[in-house]
Amino acid sequence: MKPAKIFQQYIWLVTLLRKHKRLTLEKINQRWIDDKVIDGKPITRMSFYRHKDAILNMFGIIIECEPSPRILDRR
């Protein structure tokens, strides 16, 4: 993918999170698909974390993530 396209994805993600403050990865992904950021293809969890790290390195913006609650199997 071209660097300019990746940069646009970073800007899109920062803009979305500044507007909505707290979103789950599922909701980010739905907006990503709806806005056809990559031709309507979903963003993977791994790509999201790569983008998050790149945004920190490039812009100094920290995107904090809360781990999703896990259901424990109590047998």
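The values are calculated or read from the model by the stated rules, or taken from the named source; none is laboratory data. Please read these numbers as outputs of a predicted model, since none were measured by experiment. Positions of Cβ are backbone-derived with ideal geometry, glycine not excepted, and every protein chain shown enters the neighbour counts. SASA here: full protein model, heavy atoms, side chains in, ligands and nucleic acids out. Shrake-Rupley method; radii C 1.70, N 1.55, O 1.52, S 1.80 Å.
Observations on the model:
- Sole exception among (1) open to solvent by 90 Å² or more (accessible area, probe 1.4 Å); (2) modelled with pLDDT of 90 or more for residue 69, by number: (2)
- The range 18-37: number of residues that are over 14 Å from residue 65 (Cβ atoms) and open to solvent by 80 Å² or more (accessible area, probe 1.4 Å): 7
- In the range 38-48, the residues that are closer than 17 Å to residue 1 by Cα and open to solvent by 40 Å² or more (accessible area, probe 1.4 Å): 38, 39, 41, 42, 44, 46
- When residue 15 is tested against (1) modelled with pLDDT under 95; (2) among the polar types (S, T, N, Q); (3) open to solvent by 80 Å² or more (accessible area, probe 1.4 Å), just one condition goes unmet, and that condition is (1).
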